[in-house]
Each structure stands twice: as structure tokens, then as C-alpha cells.
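Okay, structure first, notes after.
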Amino acid sequence: MSLDHDQTTDARVRERGDSAVLRMSESALAQLGVIDAPAGVAHDLAEDETMFINMGPSHPSTHGVLRLMLELRGEMVVRSKPVIGYLHTGMEKQGEQLSYLQGTTNVTRMDYASPLFNELAFSMAVEELLGLEVPPRATWIRMLLTELNRMSSHLLFMATNGMDLGAVSMMIFGWREREEVLRFFEKVSGLRMNHNFIRPGGVAADLPDGWRDDVLRLLELIPPRLDEYDTLMTGQPIWQERLQGVGVLNTAEALALGVTGPLLRSTGYAWDLRRDMPYLAYDKVEFDVVVGTYGDSFDRYAIRLNEIRESMRIVAQILDQMPKGDYRVQDKKVTPPPRARIDESMEALIHHFKIFTEGFKVPEGEVYAAVESPRGELGCYIVSDGSAHPYRLRIRPPSLINLQCLPYLMQNGLIADAVANISSVDPIMGEVDR
Amino acid sequence: MGVLDYLRGFRVTFDKLFEERVTTEYPEEKSPKPDRLHGRHVLNRYEDGMEKCIGCELCAGVCPAKCIYVRGQDNPLDEPVSPGERFGYIYEINYLRCIHCDLCVEACPTQAITETKLFEFSFTNRSDAIYTKDELLVGDDGLPQNLPWEDWRPGEDVATSAWMRATSPAGDADYVGTVGWSGELGYGVRAPEVGQFGEDPEPPAAEVDPVDEGGHH
């Protein structure tokens, strides 16, 4: 058995350097087979000297159904190749069948750990095509929910990262805190995940009675728990030794591979769409973009932990600034009429019927809208032919693109660190395959 | 970094032994369900016992999972089923397809289909998963039927329709806290959520009472 990218055509011979330089290649995967191995590893390995191992697609630490083909030389990973597609369900194609009104039920299922970001990116794209301005309360509700979603997503990362590396208590702790956030989502949208709450034009419903107390409770509950994580993990020598220096990525590599999110920030490159290309009302709140120094797994862990803190800082500011008023754009063609109007006005009834059967028409054109999801730049590209369905729906999934750096992270690392690397990339396979 | 750092980490876990438990003994004990939860659906009736469904098929039209099948029929003149011209003659929801997005609840112009808080139900064959009108329709007390394969707990069946009420204003601040729905068998006209203006006693200047516009039932 051999890896199919093992061709030696067009190979550019690199000069000798340290392994970080050697690992820099123009394309992530195709050329991995021909990059010279760093000093200490024989260049021309005989077939019988290496061993191929398939990790996954059903393996507890591959976060779903990621399959990795690993070429091992003893304990060392010489090459690796992620194989994807095991969770492909044709969601982008499905998005062409569903109207813009129904579309959020579809996109929300892509990155199931941060569903609200999918809905947000999709809604922002549709709104841009429609040329709609969303009411301020809708904007702030969206911000509140997505920041809480960032927290729940990172808490899930804390749990799975701990679990992958043997910190089983952390797994339970992470899920415990995430559950508190999901409980709030359940109260707001009626569903713990896959909310279908952020819609083109605003949000489906107002925040429920007593939401402020619930959010304040979260803001009180979580910080001491994060301090516990610090004691349990951040300051724990076992944890540090397991992660520090594992899976090092540098900024140039990360940029060349298109990596975004905590992975890119761990290399010290402060790129965060919330700050660099503000959407919603992120220019009205104060927060820090957390960056790392070494670009290793530990930095990626620490960044996510501190991003939970930053998100809480944002949430606290949202509580103070939450405006009152409409929370869905009052455009008869896009938003159904209030229920009380259906019985009063024939026009309202007709709009109600039209919106719920054929949906609303979106002007011809194409648009790209991007948000900073917990995993990186989540973009939504829509081509509209003027009908009520997208002509083409394309999601730029941060998980898929971040996954491309996995062969780099793993190369010449130990097989025992493979799990640490996969975990620190935090891929959500639903989003990778769609 | 020393031995103490190791121990300090382990102590976090150890201390949990003496803390209050956050988990519950699930099947015996359940965590409370929020009002807006999207559970299996019911077909409602008016306070006089008439069915609300008029067979317009809006729910079937909006369903992204295509799990609803409705056929309407003219009301029999001597014994009308619904107050309107037509009624839902066949009404089926396939719970193997339903994703509980509750767009049907938002779409229903007569609030006929709303949601309960029940999500703990399972089937041993596919035909049980297709709920027919007989199973979906509320009983004579206005409460959802408790079917043998559903796990209802006492008092759980009174909470229904909150998602319908929560989405009724459709984002219009003028309609926050106003009733836009008809009475239900067994409950009467249910109160809306207090809403954003309840948080502070000062009502908004822009608020217009929809009753002033006339014709509000």
C-alpha cells in the first residue's frame, strides 16, 4: 500500500535547513511526499522500513469520521494524509433546493458545535443581496448569541481536548459548563443545537423573559470554573509537557495554507474578523484578540481558553448596550406579518402565505459574507438568479481549510502526538464534509 | 513547577467529590423543559371544540424536511369540523423526518399546529413514526394525547404553543406583549410573554395598540 501523492515529478529540491523551513511547501499535501526529510531521518526510505496505519474513520479521537493515513517509521510519523468525505451529505446542494427562508435550517447543521455562526453567515449574505439593514436589537441579539456560542464551542474543545489527551475530568468539566450555555440557547430558541434562530432579516423571536438573569448567572458561574481549568490544566506540568512544542506551525505556513482562527492566532498573527473586518456591532464593544507565541498545541489550547474570557467580556458589554425595538426587519416582502395582523388585513395574509410557501425573492447577484467562527473564517458565498432559492450556495468551512495543516503539524512528530495535533485543530467533520 | 503543581491539579478533581452533583438520574428524574422547547406537535381546537386546521397546507409547504402531508376537504354542511369553509381531512407528520425547526408552527395562520414539550418518544416500526390526525389532535380536555410509546410526566402536557406565541410579533416591537392568537380548548386565550418592554416600566413612545387599528379579533 502506498500513498497516492508519492510522485516525484516537478519536485523542487529544497535547501537544507531546520525542519520548520523544510516543512514549508507550496501546497499542503501534494508535495509532502517529496519534501526532503530533515536531518536525522533517512531520505530514501525503503518500502519495508515504514509502516502504514489507518487511523479512523471511527476512532474516538478523530472527532467524528476523520480518517488519517499515517506513514510511520518506528514511533515517528513520516507522512500523513487526512481522508475526508465520510460525513458528506450534500448540504450545499440541498441548500439550492431550499428557499432562503428554509435555508437556515440546513446551514445550521454544518458546524454543529457552533450552529449560530452558520446561520449568521448565511443570513448576512442574504441580507447583503437584499440590501437590508437589520434592526439594532437583532444585531445585538445576534452578537449575544454568537458570543455565547463561541463560549460553548470552546468549552466543547476544552472537553474533547482533555479527553483526547487523557484528562478525563476535563472532559466532564467542559461538558458541564457547555450544558449551562446550551440550556440558555434552549430557553431562547427551543433547541439546544441547530437552532434555526438567526434568520435573514433578524432573529426568529425576541429574547425570553428573564434572559438577563440567565446571562448574568452564566457570567458568574463560568469564570471560577475557568480558573479551575487553569489549575487543572494550564499550570499542570503533565499537561504542559504533553502539549508544549507539539505540532508547531509558523505564521508563514499558516498563511500559505489559508489557516484562520485560533490556529493562525497561535502563531502570533493577530487576525480576527471581528476586529479586522467588523461585522454586527463589534466596533462598539471592547475586546482583545488573543494571540500565541509559539504556535504549538499548548498555545492553541490557551488561546481558546482565553477567548472564552474575552467572549464573556463582550457579553457583559452587550448586556449594558442591548437596545430595544424591532428585532426583525420590517419589510413586508421578507418578514412575515405579526400574527395579529393576519386576521385584520388581507394584504398581510397574502404576504404571510407567499413568504411561507414560495419564500422571498432575492435580487440577482453574488455575495460573500464572512464571520469569525470559533474555528476561523466562516464564509458564505451565494449566487442568486433572482428566484427564491440560491442558485449556488457555498460555505467556506474553517474546519476543512484548517485541516490542511494537519500533515504539517504531524510530520516528524511522534505517533503519540498525532491525537494532540488533531485535537488542537478542532475540526468539526460535519462542516468539513457538509 | 514542582510536585505541588501536580497535586494542585489533582485536587480540583478530588474536591468535586464533596460538591453538589450536577447530573441527574435521567429516566427517573428529568431537568425542567423550557417553555419554547420544540417537541412533537399537536393539532389544536377552538374553545368550543372545533378544529383549528383549515387544510391550507402552509405547514406542508414551508417544511424543509417535507415531513408533513395534509389534504383539505370542504366542511360537511350539517356537521362542520372547523369554523371555516374547509378542514384538514388528512394530517400526517413523519417523525422520522421531522427536524423540529417549527417553521410549520410559525407558518400556520390559525395556530392549528403548535408544539408540545415532548421529545422522548420512540418507535419500533416505521408506521408508528407517522403520526396521523387522530394522534395529533388534542383530546376533549385540550391536552395532547399521551400515546403508549411516549414518555409523559404528570403536568408536562399543559405547556404547549409557546414557540407560536414567541414568534407571533414577527420582530415588530409594536406587537411585543400583545395577543395575536385565538383561544384554545382547555386553556382559553393564553398570555403572551412579557417581552423586552416589560423589563423596564417605561413603555416605548412608538408603541401603537393594534386594537386601535380596528378589526382585531
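The values are calculated or read from the model by the stated rules, or taken from the named source; none is laboratory data. As the structure is a prediction and not an experimental result, all values here were calculated from the model. So basically every Cβ, Gly included, is an ideal-geometry build from the backbone, and we count neighbours across all protein chains shown. The accessibility values were calculated without ligands, DNA or RNA, using every heavy atom of the protein model including side chains. Shrake-Rupley method; radii C 1.70, N 1.55, O 1.52, S 1.80 Å.
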Could you state the angle between the C-alpha long axis of helix A:297-321 and the longest principal axis of the C-alpha atoms of chain A, as a value from 0 to 90 degrees rounded to the nearest 10?
10
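Within chain A, what whole-number % of the accessible surface is contributed by carbon and sulfur, with the 1.4 Å probe and all protein chains included in the calculation? Walk me through the numbers before you get to the answer.
Details: 8330 of 15660 Å².
That share works out to 53 percent.
Determine the relative contact order of region B:39-157: mean sequence separation of Cα pairs under 8 Å and six or more apart, normalised by residue count, in whole percent. Can you show the working numbers first?
Numbers: 221 pairs, mean separation 37.2, N = 119.
Relative contact order of region B:39-157: 31 percent.
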Quote the total accessible area buried by chains B and A together, excluding ligands, DNA and RNA, probe 1.4 Å, nearest 100 Å².
4800
Under the Debye formula (equal points on every Cα, no solvent term), log10 I(q)/I(0) of region B:39-157 at q = 0.20 Å⁻¹:
-1.13
How about region B:161-176: which of its residues lose at least 50 Å² of accessible area in the presence of all protein chains relative to their chain isolated, using a 1.4 Å probe?
B:Trp163, B:Ala170, B:Gly171, B:Tyr175
Between the Cα axis of helix A:211-229 and the main Cα principal axis of chain A, the angle (0 to 90°, nearest 10) is 10
Under the helix-only model (-39500 (n - 2.57) for each DSSP H run of 4 or more, divided by the residues of chain B), the mean residue ellipticity at 222 nm, to 500 deg cm²/dmol, is -4000 deg cm²/dmol
Counting only other chains, what is the mean number of Cβ atoms within 10 angstrom of the Cβ of each residue in peptide A:175-187?
2
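Under Stokes-Einstein, with the Kirkwood radius over Cα pairs standing in for Rh, what whole-number D in µm²/s applies to region A:91-433 at 25 °C and 0.890 mPa s? Could you put the intermediate results ahead of the total?
Details: Rh = 20.7 Å.
For the chosen part, D equals 118 µm²/s.
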Measuring from the longest principal axis of the C-alpha atoms of chain B, the long axis of helix B:3-15 (C-alpha) lies at a number of degrees, nearest 10, equal to 40
For chain B, with a Gaussian network of springs between Cα atoms less than 10 Å apart, report the residue from B:Pro169, B:Pro32, B:Pro76 with the top mean-square fluctuation.
B:Pro32
Ignoring ligands, DNA and RNA, what percent of the 1.4 Å accessible area of region B:39-157 is carbon and sulfur?
50
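Just order A:370-378, B:97-105 by mean Cβ neighbour count inside 10 Å, highest at the front, would you?
Values: A:370-378: 26.2, B:97-105: 22.7.
Sorting A:370-378, B:97-105 by mean packing, highest first, produces A:370-378, B:97-105.
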Selected from A:Phe197, A:Phe287, A:Phe353 as most flexible by GNM, with chain A as the system and alpha-carbon contacts under 10 Å:
A:Phe353
For region B:1-44, what's the radius of gyration and Dmax over Cα atoms, in angstrom?
20.4, 67
For the charge dipole of region A:91-433, defined by +1 on Lys and Arg C-beta atoms and -1 on Asp and Glu C-beta atoms about the Cα centroid, which residue among A:Ile428, A:Ala167, A:Leu249 has the Cα displaced farthest towards the positive pole?
A:Ile428
Relative contact order for chain B, counting Cα pairs under 8 Å that sit 6 or more residues apart, in percent:
21
Return the average number of partner chain Cβ atoms within 10 angstrom of each residue Cβ along peptide A:238-247.
1
Applying a 10 Å radius around every beta-carbon, put A:257-269, B:183-195 in order of their mean neighbour count, most first.
A:257-269, B:183-195
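Please give the charge dipole size of chain A, origin at the Cα centre, charges +1 on K and R Cβ atoms and -1 on D and E Cβ atoms. Round to the nearest 20 debye. Don't jump to the answer; show the numbers that get you there.
Working: 44 positive and 61 negative charges, 199 e Å.
Around 960 debye, computed over chain A.
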If you average the sequence gap of Cα pairs under 8 Å that are 6 or more apart and divide by the length of region A:91-433, what percent do you get for the contact order?
26
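Find how much the distance from A:Asp331 to A:Glu241 grows on full extension, using 0.36 nm per residue of separation minus their present alpha carbon separation; answer in nm with one decimal.
Numbers: separation 90, 0.36 × 90 = 32.40 nm, distance 5.69 nm.
Net length gain for the segment: 26.7 nm.
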Reduced to Cα centres, the span from region A:334-403 to region A:154-185 in Å works out to 32
Work out how far the C-alpha atoms of region A:183-335 reach from end to end along every principal axis, then list the three figures in whole Å, largest first.
56, 36, 28
Can you quote the Å³ per residue value for the convex hull of the Cα atoms in region A:229-294, rounded to an integer?
102
Distance in nm between label sites at B:Met50 and B:Arg71, each 7 Å beyond Cα in the beta-carbon direction?
2.4
GNM top mover of B:Phe123, B:Phe18, B:Phe87 - chain B, alpha-carbon springs below 10 Å:
B:Phe18
For peptide B:12-19, the mean count of other chain Cβ atoms within 10 Å per residue Cβ is 3
Tally of Lys pairs whose C-alpha atoms are under 19 Å apart, taken over chain A, 8 or more apart or cross-chain:
6
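Can you tell me the accessible area per residue over the protein assembly as shown, all protein chains present, probe 1.4 angstrom, in square angstrom?
Working: 26730 Å² over 651 residues.
So the protein assembly as shown comes to 41 Å² accessible per residue, rounded to a whole number.
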Counting every C-alpha pair in the protein assembly as shown, the percent lying more than 36 Å apart is 44
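As a test of the formula, what do you get for chain A when each DSSP H run with n ≥ 4 contributes -39,500 (n - 2.57) and the sum is divided by the residue count, at 222 nm and rounded to the nearest 500 deg cm²/dmol?
Details: 18 runs with 195 residues, N = 434.
So the calculated ellipticity at 222 nm is -13500 deg cm²/dmol.
Per Stokes-Einstein, at 25 °C and 0.890 mPa s, what whole-number D in µm² s⁻¹ belongs to region A:36-172, with the Kirkwood radius over Cα pairs as the hydrodynamic radius? Don't jump to the answer; show the numbers that get you there.
Values: Rh = 18.8 Å.
D = 130 µm²/s.
Taking the inverse of the average 1/r across all pairs of different Cα atoms in chain B, what Kirkwood radius in Å do you get? Each step should come with its number before you reach the end.
Details: mean 1/r = 0.0498 Å⁻¹.
Hydrodynamic radius (Kirkwood, Cα only) of chain B equals 20.1 Å.
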Simple Cβ-charge dipole of region B:39-157, Lys/Arg +1 and Asp/Glu -1, about Cα centre, in debye nearest 20:
560
Those residues of region B:88-108 whose amide nitrogen sits under 19 Å from the label point placed on B:Arg126, 7 Å along Cα→Cβ
B:92-99
Highest mean first, how do A:330-339, A:69-78 rank when packing is the count of other Cβ atoms within 10 Å averaged over residues?
A:330-339, A:69-78
